[in-house]
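Undergrad: My questions all concern the structure below.
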Amino acid sequence: MLVKVYGGSVFGISATMVTVEVNIDKGVGYFLVGLPDNAVKESCHRIHAALVNLGCSFPGRKITINMAPADMRKEGSAYDLPLAIGILAASGQLPQDALSDYLIMGELSLDGGLQPIKGALPLAIQAREEGFKGFILPAQNAREAAIVDDLAIYGLENLSQALDFFKGEKSQRPWSSKCERPSTSSETKTNPTSPMYAGKKTSNAAWRSPPQGGTTSYWWVPLERARPCWPSAWPPSCRP
Amino acid sequence: MLAKRLASILPPMSLQEALETTEIHSVCGRLKENSGLMATRPFRAPHHSISDAALVSGGSYPQPGEISLAHNGVLFLDELPEFKRGVLEAMRQPLEDREVTISRAKFTLTYPASFTLVAAMNPSPSGYFEEATSSRNGLRSAARRYQNSLSGPLLDRIDMHIEVNPVAFEALSQTRRGEPSAAIRKRVSAACECQAQRFKDRKTSTAMRRCNAARPSSSARSTEQEEPCSKTPCNASHSPREPTTESSRWLVP
């Protein structure tokens, strides 16, 4: 059976969609194509251990996985979760109806737990651009991805929560809208203040008039595509 | 020490700036777990042994370098002449264009790099200013060689040059506290708004250009940049008057 699951690849500081096509047929073997790097190739061992430890079965048939576009190099260990979900759906252990509505990314531990990934924010921006209903990712990255508006973010702790989500056994709510404001105490720790330099008059005079040429940026992020969700939770400087 | 405190007095990031900065740090995996939009401007201070690939971006699959990690923030280069010359020269284009484009055989990537560069250096290898003006030829030439390790085009891209004089022990050990960063930040934010109003059409006055171009060391780049920099103290005091000699002292020598 052929099943398609959707992930993403971070290229620069933007993301492109990656379609993970899983086909299970007669025969024996595990074939992963689409220019995966070593971390992606090693994923079969992590997936196997995670599925066995959660009580699922790793199909002992011929598994062919294509990561499209096939001529783009796939890097990193964040493809473990979409690969695992694809294998389970193609072997009939998971319903595949809702798979096309969600972008799925995450690294798996051997016990089935989810590890954080890099580039969750550009992936979320691209997911919204592509029209996905939601983004399923590790819980540690949920807050970062929740900056993007109009996209349901599901931060999960482990693979079994993902299985329950797609089986519909336990309803998962999107990541909470009640973001707490960043604490000002941590801001003062990382940005030392100037009072101790009372003696440096020349330097302070220059410091009171720092360069004001502005930080002109040539990189654009169309805000109409990715508005932060929760204006009340932004730092005051970022509020419109 | 002063450079570290610069990020705390710059105006707070706008939403657009916060989004761009968060994206770059997200791609590098530098965001802490369960953290959202970055609220503070980044401050990066790489060691002078850094390679050009790490500073600007590079490698077979380029990741954002230090200049991109300092996007919308501050990049502090301490002991500027100790950096390899090739590393410093690699910064010329990003300082001008505010972005860095990395080309490889199979792809081209562009990373944003709009940062405030703060650099610090001693006037001579020993650290003493007297060597630079010494009557002894050997000391003077050593100091001149040390300063000449920085190329003219790189110095041309640095808008303000400030001499920091030694502070007397009595002044250093006084217990009077200086002005808090929050108060300075308010003034800086107000001055930035004033600057933005002055140059919203981005046109420098003809009289100012003529005055700047008359200086023998002026390049076209420094002529363009001098007016916004020289109006800095006027913005701080919200004054419409022309720049004073104090501001002219900070400009490119």
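Rule-based calculations on the coordinates, nothing more; no lab input. Small disclaimer: the values here were computed from a predicted structure and weren't measured. Please note: Cβ atoms are built from the backbone with ideal geometry, for glycine as well, and neighbour counts cover all protein chains shown.
Undergrad: Over all residues in B:33-45, what is the mean tally of Cβ atoms on other chains that come within 10 Å of each residue's Cβ?
TA: Details: counts 8, 8, 5, 17, 13, 4, 11, 8, 2, 1, 3, 0, 0.
Whole-number average of other-chain Cβ neighbours for B:33-45 is 6.
Undergrad: Beyond 20 Å, how much of the Cα-Cα pair distribution for the stretch A:45-152 remains, as a whole percent?
TA: Numbers: 2510 of 5778 pairs.
Roughly 43 percent, rounded to a whole number.
Undergrad: What ranking do B:6-14, A:8-16, B:105-113 get when scored by the average of other Cβ atoms within 10 Å per residue, highest first? Intermediate values should be presented prior to the final figure.
TA: Details: B:6-14: 20.8, A:8-16: 22.3, B:105-113: 16.9.
So the order, starting with the most tightly packed, is A:8-16, B:6-14, B:105-113.
Undergrad: I've got another one for you. How long is the gain from B:SER173 to B:LYS4 if the chain were fully straight, where each residue apart is worth 0.36 nm and the alpha carbon distance is subtracted? Provide the component values of the computation, followed by the final result.
TA: Details: separation 169, 0.36 × 169 = 60.84 nm, distance 2.05 nm.
Difference between extended and current length: 58.8 nm.
Undergrad: What is the fewest-to-most order of A:MET105, A:MET1, A:MET67 by other Cβ atoms lying within 10 Å of their Cβ?
TA: Working: A:MET105 31, A:MET1 11, A:MET67 23.
Lowest to highest Cβ neighbour count: A:MET1, A:MET67, A:MET105.
Undergrad: Further, regarding this structure: Under a Cβ-Cβ cut-off of 12 Å, what is the net charge of the residues other than A:PRO59 that fall near it, where Lys and Arg count +1 and Asp and Glu count -1? Don't skip to the end; give the middle numbers.
TA: Numbers: positive: A:LYS26, A:ARG61, A:LYS62; negative: A:ASP25.
Around A:PRO59, the surrounding residues sum to +2.
Undergrad: I've got another one for you. How many angstrom lie between the Cα centre of the stretch A:88-135 and the Cα centre of the stretch B:76-105?
TA: Their Cα centres are 38 Å away from one another.
Undergrad: Residues of the stretch A:144-167 with backbone nitrogen within less than 11 Å of a virtual label 7 Å along the Cα-to-Cβ line of A:ASN53, please, listed as ranges.
TA: A:159
Undergrad: Can you work out the Karplus-derived ³J(HN,Hα) for every residue in the stretch A:95-103? Use 6.51 cos²θ - 1.76 cosθ + 1.60 with θ = phi - 60°, whole Hz, and x for glycine or proline.
TA: Whole-Hz 3J(HN,Hα) from phi for the stretch A:95-103: x, 9, 4, 8, 5, 6, 8, 10, 8.
Undergrad: Counting DSSP beta bridges with both partners in the stretch A:31-165, what percentage is antiparallel, nearest 5? Don't jump to the answer; show the numbers that get you there.
TA: On the way: 3 of 15 bridges.
Expressed as a percentage, antiparallel bridges in the stretch A:31-165 total about 20.
Undergrad: Then there is this: Would you please give the FRET efficiency between A:LYS62 and A:GLU129, computed as 1/(1 + (r/R0)^6) with r the Cβ-Cβ distance and R0 = 51 Å, to the nearest 0.05?
TA: On the way: r = 35 Å, r/R0 = 0.69.
The value I calculate is 0.90.
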